[in-house]
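S.K.: The structure that follows is given in the form of structure tokens.
The values are calculated or read from the model by the stated rules, or taken from the named source; none is laboratory data. Worth saying up front: this structure is predicted, and the values here are computed from it rather than measured. Protein only, heavy atoms only, side chains kept; ligands, DNA and RNA dropped before computing areas. Shrake-Rupley method; radii C 1.70, N 1.55, O 1.52, S 1.80 Å.
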Amino acid sequence: MDKSKEGFSQVAITLIDHYDCVYYVDINTGNYTNLVYMKEMERIGVPFYGDDFFSDLRKCTERVIHPNDLDNFKLTFDKELTKEQISDRKSFSVIYRVLIGGKPVHLRHSVFRCHDREHILCCLENIEEEFQKNEVLKKKIESAKRMARFDELTGVRNKNAFKEFSEFINRSLKEKKDYRFGIIMCDMNDLKIINDTRGHNVGDESIQRTSRMICDIFVHSPVFRIGGDEFVIILTGNDYNNRESLIENLKEESFLNKRTRSGPVVACGMAVYEPNTDDDFTKVFERADKAMYENKKEVKSMNLKQTFRNMDNIEKQISPERKRSLDALFGALCTVSDNGYVYLNDMRYDFSRWSLPFVDDFGMKSEYMYHADKLWQKKIHPDDLEAYRNAVDAILCGTADMLEPLTYRALKADGTYALLTTRGFILSDDKGNADYFGGIVIPM
């Protein structure tokens, strides 16, 4: 074997490991020889050798090139363009798709200039598998980027996205002063009480319900969760134009939820960008945050717990009609008490009736009492008092419909502590206002 043939053999052996198809081409005459042959080329009808490489391959393959890739294909199989490309550099690559069996297959076509500058190597590589892997990787990266900007619990945008959006707005404000936007700050009430008394799973569900309530009202604006119980709405489009009515809708729904204990309660505050006074996004955000805290005070002032605990200042006594209603409900509760102690409180007057065994066993002053909760808390073991108060606060704040089973110790009339389990509930009137607070206490 002469040296030239031996060289060709070595080139072929080396290239076969890297490429699916290789042609050795005289760049001036167009004469070509195939060194490594791809079965797809044979199926298309491309010759093994010939006198006009560029013309022969274009005739055979142009009909199977994906329409969107024709420009790339023509760049590779045009003689003058190829000569121009390799005159400036030693190699170049082009990716295009061919339709094989009706399905697109990605090929990488690489052209290398030989040392004699008279010949080129045209190398084709089926990269469909590589392309598909890259597509999967690209989707994973895009998904990871998306997840980095969205809150996993609620599905709304997160603090990272909020920071990016605020920076975008600041850039927009530098470009034009007539940019319009508003901010609504929202804070969900009593998340800590919910977590402490009903568990973090219930707390997470409350956060999700809060998010849905906000998104259902502000359908044209991005919503961000920037903290455990904090949400921000950037008002845009129709939401910006209708901002006053929309924030009133949010406040009304929160008030209704609080009154009926049927959903999340949200404090909120709004501010709108004022081009003459606001330098940047932060100025608007700070005003919205301040307005939210003012609204939070108003929401707290509607707190059922505070109303209930401040009733010792109420001078009016329970009416005979209300007392008869209390007795009737108390009797009904006793029938399902299963030998437990029963208590029932008229919340309009903070007037309670307790079962006689309850009064006798724990040395309470009477079967009927005003402000009985204050008296009862004095009986509770100091180590259990905080848990008891948190559980009662949860139902009085409207964050629970029922007092979850609560176990604690209480001092009996004989000076010993009894271990008790309490269940409690709220009864509302026909307008959804809390009317009675009662329950059953079972000795363990």
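S.K.: In Å², what does the accessible area per residue of the chain work out to with a 1.4 Å probe?
M.R.: 54 Å²
S.K.: Which of F351, F168, F218 moves the most in a Gaussian network model of the chain with Cα springs under 10 Å?
M.R.: Taking springs between Cα atoms under 10 Å, the residue moving most is F168.
S.K.: Mind computing the radius of gyration and Dmax over the alpha-carbon atoms of the stretch 320-444? Å is fine for both.
M.R.: Taking only Cα atoms of the stretch 320-444, I get Rg and Dmax of 13.9, 44 Å.
S.K.: Moving to a separate point now. With n ≥ 4 as the cut-off for DSSP H runs, can you work out [θ] at 222 nm for the chain, using -39500 (n - 2.57) per run divided by the number of residues, rounded to the nearest 500?
M.R.: After summing the helix terms and dividing by the residues of the chain, the value is -14000 deg cm²/dmol.
S.K.: If you project the alpha carbons of the chain onto their three principal axes, what span does each projection cover, largest first, in Å?
M.R.: Extents along the principal axes, in whole Å: 120, 59, 35.
S.K.: Give me the extension gain from E386 to R209: residue separation times 0.36 nm, minus the current Cα-Cα distance, reported in nm with one decimal.
M.R.: Once the chain is fully extended between E386 and R209, it gains 61.0 nm.
S.K.: Which angle from 0 to 90°, rounded to the nearest 10, does the C-alpha axis of helix 159-175 make with the longest principal axis of the chain?
M.R.: Between the helix axis and the principal axis of the chain, the angle is about 70 degrees.
S.K.: Continuing with this model, one more query. Whenever you get a sec, compute what percent of the accessible area on the chain sits on carbon and sulfur atoms (1.4 Å probe).
M.R.: That fraction is 49 percent.
S.K.: Give the cross-link partners of K300 among the aspartates and glutamates, using a straight C-alpha distance below 15 Å as the criterion and excluding same-chain residues fewer than 8 apart.
M.R.: Output for K300: D187, D190, E252, D393.
S.K.: Students often forget the sequence filter, so: which lysines lie under 25 Å Cα-Cα from K140 once same-chain residues fewer than 8 apart are removed?
M.R.: Qualifying lysines at Cα under 25 Å: K103, K159, K163.
S.K.: Viscosity 0.890 mPa s, temperature 25 °C: what is the translational diffusion coefficient of the stretch 78-163 from Stokes-Einstein with a Kirkwood Rh over Cα pairs, rounded to a whole number of µm²/s?
M.R.: Once the numbers are plugged in, D ends up at 148 µm²/s.
S.K.: What do you get for the angle between helix 385-396 and the principal long axis of the chain? Use alpha-carbon atoms, 0 to 90 degrees, nearest ten.
M.R.: 80 degrees
S.K.: Something else: Give me the orientation-averaged projected area of the Cα convex hull of the stretch 204-284, in nm², one decimal.
M.R.: Mean projected area for the stretch 204-284: 5.7 nm², to one decimal.
S.K.: Suppose a student asked you for the relative contact order of the chain, using Cα pairs under 8 Å spaced at least 6 residues apart; what percent would you report?
M.R.: In percent, rounded to a whole number, it is 10.
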